[in-house]
Each structure stands twice: as C-alpha cells, then as structure tokens.
Amino acid sequence: MERKNNIVLVHGAWADGSCWSKVISLLQRQEFNVSAVQLPLTSLDDDMTATRNLLASQKGPTVLVGHSYGGVVITNAASSAPNVTALVYIAAFGLDEGESLESLAKQGPTPAGAAQIRPDDHGFLWINPAGFPQAFAADVDPIEARVMAVTQRPLSIRSFAAKSGPPAWKHIPSWYLVSQNDQMIPPQAEEFMAKRMRATIHSIAASHASMVSHPNEVAEMIVQAAESTATK
C-alpha cells in the first residue's frame, strides 16, 4: 500500500500558521499527516530551529512547504533533514547561497507592496494595516484580509538581512507555484527563482496570499509533490 507523506507547512512574514487553514483541511481530507510551524520571525536561525524541531518529530517521508519568507526557511532547514523528500514553494523566496532578502530587494523592479512596509523602533518590519489587503491579499475576501492585517506578525530586520546557506533545492526535488498578481514579490522574480532551482512550475492568477485565496490549487501542487516522492 502507498504510504501517505507527512506535510509540514511553513508560513512567511506578516502571517502565522493559521494562514494555511484552508489548505490544511483539504490535505487532511486526503489523509495526509499535516503540521504547521509557528515561526518566531526573530531571526533566520530561530526560524530554522523551529522548523527543524518539527521536522525531527515527523516519522517517515516529509514534504516541506514554504510561503514567501518561509521559502528561505525551508531552503536552509531541509539541508540537514534527511526525511524531507520534496520542497514546495508557494510565491516564496528560493535563495541561493549568500543571498538575502535584502540583497534581492536591491535587484530588479520594486514591487508595489514594498511601499506599505514600515519599520518599528524595535527592529521589526510591518505592513501598514490600511494597505495590507491590497498589497498582500488583494484577491482575498475583504473582511478576511482586514483580519489578516490586524493579526499580522512582523519580520525582524535580522531575518531580512540574513544570508542564506547552501540551498536544499540543489539536491531535493522542488515544486514552485507562481502568483501572477503578486505585489510583494515580483512574479518575474518568482519565475527566475523557480527556473534556477529547476522546479516543477505552475502559475495561477493570484495575490501573494494564494494559500488563502486559492487553497485548492495550492493543495493540488502539494499533493503532486507528495505523490511524486511517495514511498511504496
């Protein structure tokens, strides 16, 4: 009999594990063992530790999924996790060694959503709540998007500037879902990163928050990755 994979979901900046709620329900219906990391977002090292701890508790093959900044986390965390059989990037950063979010931000066009990012006095970056729905979740139900804005969790500047280590996507099969209407990461940058990692690529007409607005498509890609790497 085919064994169902474990699936570990990693959120990005300005979100938490609950952003995966719709995707989780869809995956659980197919009897996958699903877990979601709650990142502290205080540093890349802290976030990798949280992810590796959850990965270590999984028994058997595991598909590791990251959204946005969560892509940086899975790229690094999976390098020392032998049970990870596939990586899935959902509008996520697939950095190469030595790159950072800060260095990528200096290359190419600035996404429209970047104008809504605000630093605070404590070393963290926030999205202006008034601009959050349009910048982050333009195709999400407006009421839900406003709730996401209020409950957002900030990203530390340390995380923004942290340099990525050797990327796990160089030796682990990868999938990438491009959000064509993304205002936080330029879609052309997503396509560049996806092609560089030689990922299996799909695109959807979605905002940055595609796991909220298009959970079926996101779940389908995760299932594709799981089935492609399933053990018998």
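What the table below lists for this structure:
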read-out	value
Breaking point among (1) outside any helix (DSSP H, G or I); (2) within 16 Å of the chain's Cα centre (by Cα), for S159	(1)
Boolean, P167 is farther than 19 Å from Q107 by Cα and buried (at least 21 other Cβ atoms within 10 Å of the Cβ)	yes
Leading residue by the ranking (modelled with the lowest pLDDT) among those in the range 90-122 that are open to solvent by 30 Å² or more (accessible area, probe 1.4 Å) and on the phi > 0 side of the Ramachandran plot	G108
When residues of the range 69-80 are limited to those that are small (G, A, S) and more than 20 Å from V223 (Cα to Cα), the one modelled with the highest pLDDT	A77
Matching entry among I201, I172, I222 (being part of a loop (DSSP other than H, G, I, E, B), touching a strand residue (DSSP E or B) at 6+ places or on another chain (Cβ under 8 Å) and under 17 Å from V63 (Cα atoms))	I172
Residues being within 14 Å of A13 (Cα to Cα) and surrounded by fewer than 19 Cβ atoms within 10 Å (Cβ to Cβ) - total across the range 45-69	1
Residue count for the range 123-139, restricted to those that are farther than 30 Å from R198 by Cβ and either touching a Phe, Trp or Tyr at 6+ places or on another chain (Cβ under 9 Å) or surrounded by fewer than 18 Cβ atoms within 10 Å (Cβ to Cβ) (or both)	10
Considering residues of the range 1-59 that are of a type in the set (G, A, S) and within 12 Å of the chain's Cα centre (by Cα) only, the residue farthest from F132 (Cα to Cα)	A36
Verdict on T42 being part of a helix (DSSP H, G or I), at pLDDT 95 or above and open to solvent by 10 Å² or more (accessible area, probe 1.4 Å)	no
First in the range 47-61 and closer than 16 Å to S79 by Cα, second anywhere and open to solvent by 70 Å² or more (accessible area, probe 1.4 Å) and at pLDDT below 95, Cβ under 7 Å, 6 or more apart	R52/S80
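The values are calculated or read from the model by the stated rules, or taken from the named source; none is laboratory data. Everything quoted here is computed from the prediction, not taken from an experiment. Cβ: placed from backbone, ideal geometry, glycine included. Neighbour counts: every protein chain shown. Keep in mind that these areas ignore ligands, DNA and RNA; they rest on the heavy atoms of the full protein, side chains included. Shrake-Rupley method; radii C 1.70, N 1.55, O 1.52, S 1.80 Å.
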